[in-house]
Amino acid sequence: MKLFRRIVAALVVAALTVPAFASAMYVDDENKKQENVMVGDDYQIVRNEIVDGIRYVSAVPSQKVCSNKIDIEIEGDVVRSVVFTRGCNGNGKGIGALIQGMTVEEAVKRLKGINCSNRGTSCPDQLARILEAACLSR
């Protein structure tokens with residue numbers, strides 16, 4: 001499965017020649033905006049959608065971390081929920097509980113740059129980078 005994810009990620013990166021990430025926004029009705037896939041240097045945002053004022057972001061983090069999916073809900077600029085799939089269950093739940101109610105900017109400030117076992121990233125760092133790309137780099 002990891003090999004398949006790497007191949008798919010490599011194909012998407014090859015198809016998108018923008019260095020940091022590529023995205024395109026389209027509106028399919030009045031209350032719903034959908035953003036196409038954005039690819040970071042080692043993560044992939046597969047959903048970035050606003051429905052009735054709530055942003056739903058789903059991402060596949062780097063192969064360097066234990067989790068294989070991060071689902072985020074944001075209302076305005078405040079994190080409503082974060083759910084990590086796989087990885088360290090307690091740590092994922094703890095991170096989600098700690099940043100619930102926090103602004104996206106504050107969450108990024110606190111989590112970005114955290115390193116796990118000299119991997120150059122971590123689940124919290126991936127979350128911060130995904131939040132930054134999906135919400136702050138506009």
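List of remarks:
- Of the criteria (1) free of Cβ contacts under 8 Å to residues at least 60 places away in the same chain; (2) over 13 Å from the mean Cα position of the chain (by Cα); (3) outside any strand (DSSP E or B), which one Thr121 fails: (1)
- From the options Lys69, Lys64, residue that is farther than 17 Å from Ser137 by Cβ, charged (D, E, K, R), under 15 Å from the mean Cα position of the chain (by Cα) and surrounded by 15 or more Cβ atoms within 10 Å (Cβ to Cβ): Lys64
- Just one of (1) at pLDDT 95 or above; (2) in a helix (DSSP H, G or I) fails for Cys135. It is (1).
- No other residue among Leu131, Leu98, Leu136 is crowded, with 22+ Cβ neighbours inside 10 Å and of a type outside the set (S, T, N, Q) apart from Leu131.
- Where Asn89 falls short, out of the listed (1) loosely packed, with under 14 Cβ neighbours inside 10 Å; (2) within 15 Å of the chain's Cα centre (by Cα): (2)
The values are calculated or read from the model by the stated rules, or taken from the named source; none is laboratory data. Keep in mind it's a predicted model, so treat the numbers as computed, not measured. Quick reminder, even Gly has a Cβ in these numbers, built from the backbone with ideal geometry, and neighbours come from all protein chains shown.
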